[in-house]
Amino acid sequence: SHNLELEWIYKLFCRLQEERKDCILEIVVNRFWRKKFKRIPRVRMFYPMDLKTFLLDSSSRKIDILLSPLFENNFNKCRSPVKFIDAVRLHSVGIYSNCEPYSDFISNNIDGILLPNKHEKWLETIDELLKNKKKRMQMVESAQLKTLSIVGKN
């Protein structure tokens, strides 16, 4: 269901790994996409996992940045901002496409980053975030506080 996004992120990963030698990228992909992504250096691939396995895995790991590109379509407009919760669980800054469900949920440059689906802008933002650990930590903290305020309302 996310072929456009996977093709887009494949191209982003190729460029990122050409430009940087210090990144290990992770992605959840099925067998079809594994064949393609294995051509990129320093990519760790996971098979899709059930929710219990994901919750266990994400409770004990941290990553610096979580990328969530989406293209505007009816399916994505009906989604919830679940990747925001994934970013919080992984203690990472989320970079999201500036479209629903993120455009109305993310406080840009506070608890996540909203960007147009332009590779140059994503590469530039990734580079800036990797150079600025303090900014990353501030954004992670803001995202955690936002999550706590939402959970506290229920």
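The values are calculated or read from the model by the stated rules, or taken from the named source; none is laboratory data. Computed from a predicted structure; not experimentally measured. Note: ideal-geometry Cβ built from the backbone for every residue, glycine included; neighbour counts use all protein chains shown. For accessibility, only protein heavy atoms count, side chains too; no ligands or nucleic acids. Shrake-Rupley method; radii C 1.70, N 1.55, O 1.52, S 1.80 Å.
Scoring PHE71 on the criteria (1) open to solvent by 10 Å² or more (accessible area, probe 1.4 Å); (2) part of a loop (DSSP other than H, G, I, E, B); (3) under 18 Å from THR147 (Cβ atoms) leaves a single failure, condition (3). Checking MET49, MET137, MET45 one by one, the residue that is among the aliphatic types (A, V, I, L, M), open to solvent by 20 Å² or more (accessible area, probe 1.4 Å) and part of a helix (DSSP H, G or I) is MET137 and no other. Residues of region 115-126 that are free of Cβ contacts under 8 Å to residues at least 40 places away in the same chain and outside any helix (DSSP H, G or I): LEU115, PRO116, LYS118. The set of residues from region 1-29 being open to solvent by 30 Å² or more (accessible area, probe 1.4 Å) and farther than 24 Å from PHE54 by Cβ comprises LYS11, CYS14, ARG15, GLU18, GLU19, ARG20, LYS21, ASP22. Applying the set (1) out of contact with any Leu (no Cβ under 6 Å at 6 or more places or on another chain); (2) assigned to a loop (DSSP other than H, G, I, E, B); (3) surrounded by fewer than 18 Cβ atoms within 10 Å (Cβ to Cβ); (4) modelled with pLDDT of 95 or more to HIS91 leaves exactly one unmet item: (3). Residue-level check: of (1) open to solvent by 20 Å² or more (accessible area, probe 1.4 Å); (2) touching a residue at least 40 places away in the same chain (Cβ under 8 Å); (3) over 26 Å from ASN30 (Cβ atoms), GLY152 misses just (2). The residue list LYS11, LYS21, LYS35 contains one member that is out of contact with any Ser or Thr (no Cβ under 7 Å at 6 or more places or on another chain) and assigned to a loop (DSSP other than H, G, I, E, B), which is LYS21. Annotation note: of LEU145, LEU129, the sole residue that is in contact with a strand residue (DSSP E or B) (Cβ under 9 Å, 6 or more places away or on another chain), in a helix (DSSP H, G or I) and farther than 20 Å from TYR10 by Cβ is LEU129.
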